[in-house]
Amino acid sequence: MGRGRRNSIAILLACLALTACNKPQESYQYAVLDPYGIKEAVFEFDMDSTLTYDTFFCCRYDLAQIDRDHVKLFIKAVSPSGFTYRDTVVFPLYRSQAQTKGDRYTKFNIEQNWNANIEWTWRTNVSSAQAGVWTISARPERYTGLHSLGFGYNPVRNK
């Protein structure tokens with residue numbers, strides 16, 4: 001390989017590294033579920049009052065143990081000042097990759113033919129005048145087959 005080609009590759013890798021470091025603030029947090037111990041997944045969401053966010057929940061579940069086609073989550077959001085918001089959502093669960101186009105999930109994959117990972121959009125363009133750390137907790141209605149829950153958020157880019 002010539003010196004010019006090596007330099008071009010080095011410059012490309014440096015550019016990729018710099019752009020990866022300059023990603024906007026985003027976070028994903030996970031909590032293992034245990035119906036005899038951890039019954040509620042609790043996450044912290046550091047919200048900037050000048051931005052809007054898209055929020056997501058994700059779940060890992062066992063295809064052999066899951067006994068339903070959805071998961072019902074009871075969600076509680078607590079603002080930095082202590083105000084509480086509650087929400088109940090039902091997200092789909094799948095046993096295979098072959099789903100219809102209109103299904104509501106952001107990402108879905110199956111690992112080693114027994115674990116499924118799925119991500120759903122919870123809310124889009126979320127904003128608040130209250131900047132600071134929000135607490136988001138989620139409790140499933142039933143635990144059979146569920147391994148973990150996750151929560152994520154991404155700032156929405158202004159157009």
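Checking each residue in the stretch 44-82 for being in contact with a Pro (Cβ under 9 Å, 6 or more places away or on another chain), over 20 Å from P140 (Cα atoms) and not β-branched (V, I, T) picks out M47, D48, L51, Y53, D54.
Taking the stretch 105-159 as the range and being among the aliphatic types (A, V, I, L, M) and under 18 Å from the mean Cα position of the chain (by Cα) as the test, the residues that pass are I110, A116, I118, V126, V133, I136, A138, L146, L149, V156. Against the definition (β-branched (V, I, T), assigned to a loop (DSSP other than H, G, I, E, B) and on the phi < 0 side of the Ramachandran plot), how does I136 come out, yes or no? Taking the combined requirement at face value, the residue does not satisfy it.
I'm trying to understand the selection: among the residues of the stretch 32-85, which are small (G, A, S), free of Cβ contacts under 8 Å to residues at least 12 places away in the same chain and within 24 Å of N154 (Cα to Cα)? Once the filter is applied, which keeps residues that are small (G, A, S), free of Cβ contacts under 8 Å to residues at least 12 places away in the same chain and within 24 Å of N154 (Cα to Cα), the stretch 32-85 yields only G82. Among the residues making up the stretch 139-159, a single one is over 20 Å from L63 (Cα atoms), of a type in the set (S, T, N, Q) and assigned to a loop (DSSP other than H, G, I, E, B): N158. Please verify whether the stretch 71-85 includes one or more residues that are modelled with pLDDT of 95 or more, over 27 Å from D48 (Cα atoms) and exposed (fewer than 15 other Cβ atoms within 10 Å of the Cβ). Yes. The set of residues in the stretch 68-98 that are charged (D, E, K, R) and not in a strand (DSSP E or B) comprises R68, D69, R95.
All told, F91 falls short of being closer than 17 Å to S148 by Cα, at pLDDT below 90 and surrounded by 13 or more Cβ atoms within 10 Å (Cβ to Cβ). Restricting attention to the stretch 111-133, the residues being in a strand (DSSP E or B), out of contact with any Lys or Arg (no Cβ under 9 Å at 6 or more places or on another chain) and surrounded by 13 or more Cβ atoms within 10 Å (Cβ to Cβ) number 4. Taking the stretch 45-67 as the range and being surrounded by 13 or more Cβ atoms within 10 Å (Cβ to Cβ) and part of a strand (DSSP E or B) as the test, the residues that pass are F45, M47, Y53, D54, T55, F56, F57, C58, C59, R60, Y61, D62. In the stretch 94-129, the qualifying residues are those that are at pLDDT below 90 and of a type in the set (K, R), and the one that is nearest to D46 (Cα to Cα) is K107.
The values are calculated or read from the model by the stated rules, or taken from the named source; none is laboratory data. Note that the coordinates shown come from a computational prediction; the quantities given were computed from them, not determined experimentally. Every residue, glycine among them, receives a Cβ derived from its backbone with ideal geometry; neighbour counts consider all protein chains shown.
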